[in-house]
Amino acid sequence: MREPRWQPDFEELVEEHQSMVFSLAWRITGDRGLAEELAQDVLLELDRNLGKMKSAEHARWWLRQVTMHRCADALRRRRTRTTSLGTDVWVELEERHVLIEPFDEDGPLSARIEELLAGLPESQRAALVLRYQEEMTPEEIAAMVKSPLATVKSQLQRGLKLLRARAGETLKEYVRGA
C-alpha cells in the first residue's frame, strides 16, 4: 500500500523554521537588516515552491540551501566581509583557555570575536556557521554547497586554525595567564 503524500502547511513550516532561516542569514551576512530581508525572501520563495516539498526534512534542507545561496549572492553584491557565529564555536576557546569573564553575547569579548570572524574568507565562515550553528556534518555541508567533501573539511580545518591563531594573538586580555 502506498503511503499518503506529505501535505506541507506553509504557516507551520514558517513557524518551525523562520528563526533558523533568520539566524543562518544573520550569522552569514553579519547584518541584521539584510538578514531580515533575506529571511523574508526565502520564506516567500518557500510559499511559491511549497508543492515541491516532499517531506519535513526536505523542506528544512531546502530552506537551508536557499538561505545559503541568497546569503552568498547578497555578500557578492555588497562585498561585505562580516558575520558572526554563535557561542558554540567559542566553547573550545573556553576549554583551551580559562576566560577571565564568562562569555556574554553582547559583551566586549563577543564584539572582539565578531571582528576576528570578519577577516575569515567567505567559504570558511559559511562552513563554520553550517557546522557549528546548524550542526551539519561535513558531508551535509558538501552536498549543500556543492563542493567536494575534502574541500569542506579543509575549509573547516583552516577556518578553525585561523580563528585559533588570531584569538591567541588578540584576546589575551580575556584569558588568564596570557
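If the condition is being of a type in the set (Phe, Trp, Tyr) and exposed (fewer than 14 other Cβ atoms within 10 Å of the Cβ), then region 4-51 contributes Trp6, Phe10.
The residues of region 42-78 that are among the small types (Gly, Ala, Ser) and under 18 Å from the mean Cα position of the chain (by Cα), listed by number, are Ala59, Ala72, Ala74.
Looking across Glu101, Glu140, Glu135, Glu92, one residue alone is modelled with pLDDT of 50 or more and part of a loop (DSSP other than H, G, I, E, B). It is Glu135.
Does Leu149 qualify as being in contact with a helix residue (DSSP H, G or I) (Cβ under 6 Å, 6 or more places away or on another chain), modelled with pLDDT of 65 or more and not charged (D, E, K, R)? Taking the combined requirement at face value, the residue satisfies it. Take region 9-35 and flag every residue that is under 17 Å from Asn49 (Cα atoms) and not in a helix (DSSP H, G or I). Of everything in region 9-35, just one residue is under 17 Å from Asn49 (Cα atoms) and not in a helix (DSSP H, G or I), namely Asp9. Residue-level check: of (1) surrounded by 14 or more Cβ atoms within 10 Å (Cβ to Cβ); (2) more than 25 Å from Glu122 (Cα to Cα); (3) free of Cβ contacts under 8 Å to residues at least 40 places away in the same chain, Ala56 misses just (3).
The values are calculated or read from the model by the stated rules, or taken from the named source; none is laboratory data. For clarity, every value in this text was computed on a predicted model and none was experimentally measured. Positions of Cβ are backbone-derived with ideal geometry, glycine not excepted, and every protein chain shown enters the neighbour counts.
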